[in-house]
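The values are calculated or read from the model by the stated rules, or taken from the named source; none is laboratory data. Since the structure is predicted, the reported quantities are computational estimates derived from the model, not experimental observations. Backbone-built Cβ (ideal geometry, glycine too); neighbour counts: all protein chains shown. Accessible surface areas use protein heavy atoms only, side chains included; no ligands, DNA or RNA. Shrake-Rupley method; radii C 1.70, N 1.55, O 1.52, S 1.80 Å.
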Amino acid sequence: MNKALRHALPLTLLLATTGLAQAQQCGGDLGTFLEGVKAEAVAAGTSPEIADKALAGAQIDQKVLARDRSQGVFRQTFLEFSGRTVSQARLDIGRQKIKEYAEVFARAEQEYGVPPGVITAFWAMETDFGAVQGDFNTRNALVTLAHDCRRPELFRPQLLALIKMVEHGDLEPASNTGAWAGEIGQVQMLPKDIVEFGIDGDGDGHVNVKQSSPDAILTAAKFIQHLGFKQGEPWIQEVTIPEDLSFEKSGLDGAMTAGEWFALGVQPRDGNTAFASLPASLVLPQGRKGPAFITYPNFNIYLEWNQSFIYTTSAAYFATRFGGAPVYQKGNPEPGLDVDQMMALQTKLQGLGHDVGKIDGILGAGTRVAVQKEQQRVGLPADGWPTPALLNAL
């Protein structure tokens, strides 16, 4: 999961902080680039010896560049993706992990307000509880992305944070591996976040989010708290909806309370209306005939963790399963569009003045908003789910 877009320092702030012209440097000779990174790290208080140790032998990884150019393909539907990721095997293992680390999870909830299920769902989805953490050399991945002139302002701070991890004795630069964009450990966090929010959960004096589950659990909890999670509040709740509901206000930008949705006939499956006063959005991942959920302010932490709507909705639903929620009702969604049809729809939407981003056949946030607006304009139910009927109507 690529979190770099959210947590890297803006380049202007980085320059103001360091006062070094080298912070602008990207591309060119790799050795010269690394000398600039070293100078910046030393100016921030790291010894030259530690900076040398962290950067010695660093190389450009062409596979990282290839991943960076072709990232984020989320063409699966919610039913397809959540059906694959929220498996019974993962639920069983997750429940075992919650029991195994009961004291650690109790501390996470007491100190940071984050329930076990929230952390465990991310733990499962990111790495299968630590089993699949990525095989890219982390130092080389971050050197590659910081050196590359496409987004150096996002990745240079992560490379500097990695040097801090080396300084703390929490990372071995030559051998540490993780995801292609520099995420590390059992819940896949970036070096800057590990440095800022890392917790030594097992008392060995180090933050080791790769090997130590207690470290990973507590570090994730502190990070989730930082993202704005409010203790005692829900994040997502499955609902049933009336057939005659007006859908214009559905979607993540909804400005209604849960109680206002309830008054319109939207009903929680679990019957719990205790949070009626909270702001809430009605989300319909596959339209009005598929699964339906109310999301609460805590859902925002999922959007901060990963910007993919399908991933975030699946992770949030996954977390409720650890709290006893039943399997969602699949419903009978209307057939969607294949990749070519989706690209044709995006082209039409763009021609109508909507900002759908790249014409890529992926139902992203911009495309969903545009679909909903055009559905309303042509007289179709405005549930944000693109169908052949909409494509033909445009």
### Message
Shape verdict for region 39-192, please, from the Cα gyration tensor: rounded (a/c under 1.5), prolate (a/b greater than b/c) or oblate.
### Response
oblate
### Query
Can you give the relative contact order of the chain as a percent, counting alpha carbon pairs under 8 Å and 6+ residues apart?
16
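Give me the 1.4 Å probe accessible area per residue for region 38-109, excluding ligands and nucleic acids, in Å². Don't skip to the end; give the middle numbers.
Numbers: 4150 Å² over 72 residues.
Spelled out: the 1.4 Å probe surface of region 38-109, per residue, equals 58 Å².
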### Query
For region 218-265, what class follows from the C-alpha gyration tensor (a ≥ b ≥ c being the square roots of its eigenvalues): rounded when a/c is under 1.5, otherwise prolate if a/b is larger than b/c, else oblate?
prolate
### Task
Could you please put Trp305, Trp235 in sequence from largest to smallest accessible area, using a 1.4 Å probe?
Trp235, Trp305
### Query
Can you give the relative contact order of region 192-238 as a percent, counting alpha carbon pairs under 8 Å and 6+ residues apart?
31
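Could you pull out the trypsin sites (Lys or Arg not before Pro) across region 271-371 that fall in loop regions by DSSP (anything but H, G, I, E, B) with no more than 15 other Cβ atoms inside 10 Å? Spell out each step's value before the answer.
Numbers: sites: Arg288, Lys289, Arg321, Lys330, Lys348, Lys358, Arg368; in loops: Arg288, Lys289, Lys330, Lys358.
Within region 271-371, the qualifying trypsin sites (Lys or Arg not before Pro) (loop, at most 15 other Cβ atoms within 10 Å) are Lys330, Lys358.
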### Query
Ignoring ligands, DNA and RNA, what accessible area per residue does region 261-394 give at 1.4 Å, in Å²?
42
### Query
How large, in percent, is the carbon and sulfur part of the accessible surface of the chain at a probe radius of 1.4 Å?
50
### Task
List the residues whose amide H sits under 5 Å from the amide H of Met189, counting only those 5 or more places along or on another chain, with H placed 1.01 Å from N in the peptide plane.
Ile184
### Query
Once the whole set of protein chains is in place, how much accessible area is left on Cys26, using a 1.4 Å probe, in Å² to the nearest 10?
40
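With a/c under 1.5 counting as rounded, go ahead and sort region 296-337 into rounded, prolate or oblate using the C-alpha gyration tensor (a ≥ b ≥ c being the square roots of the eigenvalues; past the cut-off, prolate if a/b is larger than b/c, else oblate). Provide the component values of the computation, followed by the final result.
Details: a/c = 2.68, a/b = 1.21, b/c = 2.22.
Here region 296-337 falls in the oblate category.
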### Task
Evaluate the relative contact order of region 135-218 (contact order divided by residue number), counting alpha-carbon pairs under 8 angstrom at least 6 apart; express in whole percent.
28
#### Entry: Solvent-accessible ranking of Asp270, Asp202, Asp148, largest area first, probe 1.4 Å
Asp270, Asp202, Asp148
### Task
Give me the distance between the Cα centres of region 229-299 and region 44-59, rounded to whole Å.
50
